[in-house]
Amino acid sequence: MGVRKPLIAGNWKMYGRRAALSEIAALHAQVGHVSGAIDALICPPFPYIAAAAETARGGSVLVGAEDCSPVAEDSARTGEVSAAMLADVGARYVIVGHSERRSNHGESNDLVRRKAEAALAAGLTPIVCVGETQAEREAGRVAEIVGGQVRDSVPAGGAFVVAYEPVWAIGGNSTPTIPEIADVHRLIRETLQTKFGDKANRTRILYGGSVGPKNAAEIFSAGGVDGALVGRASLKASDFAAIILAHPAAV
Ligand code: PGA
């Protein structure tokens, strides 16, 4: 294994019911043998996290959340879920700043950074999402937008993961080309290097947006890609396992 253990994370979004938890056991059965080489993570909706962590206990699949409150201490915040609560029920990671949160809930870089810092304070690893829209790409602003999001959304210290998810590639059928993905991953790592020095070489940078069993191997071959953040194709264990087993570390 290199300095960065690959991480392949599933984001269930607002899909699934209790019955979907059987996919976690099925996933363990299919990818457990590569868990020394690759981290496999499932992030279900809040109501299912505790049961998911119970199902996953003692196995190879890690469990995380899709969001958390930026406020660390127990307080009067109706409807919010703290990172400490997530850790308490067995979550290990939390996605913050997903583009659907940024666009549907107006989440700013500053808010995303505070969520990432709250996650770290609770002992969780934040997965900080960044990515440009179609219009920003067409206007040649990828470096400016993604560089700015990285600078302003990542926590000041601690171990975190960055997920590069071009907004236009999420939920569709198209992805950037392999050289385009490698370019943005290089930009993200350089931005982290400027801010954190050597730690940037230990930070995992995932690609997300229309990753599936058919294109996973090619995407994993892009320089600087340390894994994937997967939406639709993480809902079925067979699809998600095929993605995990497509990683070159799964030998
Ligand atoms: P998708 O979603 O894999 O369904 O494109 C990715 C994401 O939003 O994380």
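Quick notes on this one:
- So ALA237, is it within 16 Å of the ligand (Cβ to nearest atom) and either over 18 Å from the mean Cα position of the chain (by Cα) or buried (at least 17 other Cβ atoms within 10 Å of the Cβ) (or both): yes
- In segment 74-90, residue nearest to the ligand (Cβ to nearest atom) [restricted to those that are surrounded by 13 or more Cβ atoms within 10 Å (Cβ to Cβ) and assigned to a loop (DSSP other than H, G, I, E, B)]: VAL81
Matching residues to (1) in contact with a helix residue (DSSP H, G or I) (Cβ under 6 Å, 6 or more places away or on another chain); (2) farther than 20 Å from GLY123 by Cβ:
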position	(1), (2)
ALA51	yes, yes
LEU62	no, no
ALA65	yes, no
ALA76	no, yes
SER82	no, no
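- Flag for ALA156 being surrounded by fewer than 19 Cβ atoms within 10 Å (Cβ to Cβ) and without any contact (Cβ under 8 Å) to a residue 12 or more places away in the chain: no
- Of residues in segment 52-71 being touching a His at 6+ places or on another chain (Cβ under 8 Å) and of a type outside the set (Val, Ile, Thr), the one nearest to ALA241 (Cα to Cα): SER60
- Among the criteria (1) of a type outside the set (A, V, I, L, M, F, W, C); (2) within 23 Å of PRO47 (Cβ to Cβ); (3) at pLDDT below 95, the one GLY157 does not fulfil is (2).
- The residue pairs whose first member lies in segment 194-217 and is farther than 17 Å from TRP168 by Cβ, whose second member is open to solvent by 10 Å² or more (accessible area, probe 1.4 Å) and outside any loop (DSSP other than H, G, I, E, B), and whose beta carbons are closer than 6 Å, counting only pairs six or more residues apart or on different chains, are ALA200/ARG189; ALA200/GLN193; PRO213/ASP239; PRO213/ALA242.
- Subset of segment 149-195 [of a type in the set (Ser, Thr, Tyr) and within 16 Å of the ligand (Cβ to nearest atom)]: SER153, TYR164, SER174, THR175
- Residue tally, condition without any contact (Cβ under 8 Å) to a residue 24 or more places away in the chain and open to solvent by 70 Å² or more (accessible area, probe 1.4 Å), over segment 1-16: 0
- As for segment 42-54, it holds at least one residue that is open to solvent by 80 Å² or more (accessible area, probe 1.4 Å), of a type in the set (Phe, Trp, Tyr) and in a helix (DSSP H, G or I).
- Restricting attention to segment 91-108 and to residues that are more than 11 Å from LEU124 (Cβ to Cβ) and away from the ligand (no atom under 16 Å from the Cβ), the residue that is surrounded by the most Cβ atoms within 10 Å (Cβ to Cβ) turns out to be SER108.
- Contact map, segment 235-248: first residue part of a loop (DSSP other than H, G, I, E, B), second residue surrounded by fewer than 18 Cβ atoms within 10 Å (Cβ to Cβ), Cβ cut-off under 6 Å, separation 6 or more or different chains; pairs are LEU235/TYR15; ALA246/ALA217.
- Scope segment 196-233; condition surrounded by 21 or more Cβ atoms within 10 Å (Cβ to Cβ) and within 12 Å of the ligand (Cβ to nearest atom); matching residues: LEU206, TYR207, GLY208, GLY209, SER210, VAL211, ALA216, ILE219, ALA228, LEU229, VAL230, GLY231
- Residues in segment 5-35 that are under 14 Å from TYR48 (Cβ atoms) and polar (S, T, N, Q): 2 in all.
- Residues of segment 116-137 that are open to solvent by less than 40 Å² (accessible area, probe 1.4 Å) and either in contact with a His (Cβ under 7 Å, 6 or more places away or on another chain) or within 16 Å of the ligand (Cβ to nearest atom) (or both): PRO126, ILE127, VAL128, CYS129, VAL130, GLY131, GLU132.
The values are calculated or read from the model by the stated rules, or taken from the named source; none is laboratory data. Everything numeric here is computed off the predicted structure, so don't read it as measured data. Because the Cβ atoms are built from the backbone with ideal geometry, glycine has one as well, and the counts that use them run over all protein chains shown. Accessible surface areas use protein heavy atoms only, side chains included; no ligands, DNA or RNA. Shrake-Rupley method; radii C 1.70, N 1.55, O 1.52, S 1.80 Å.
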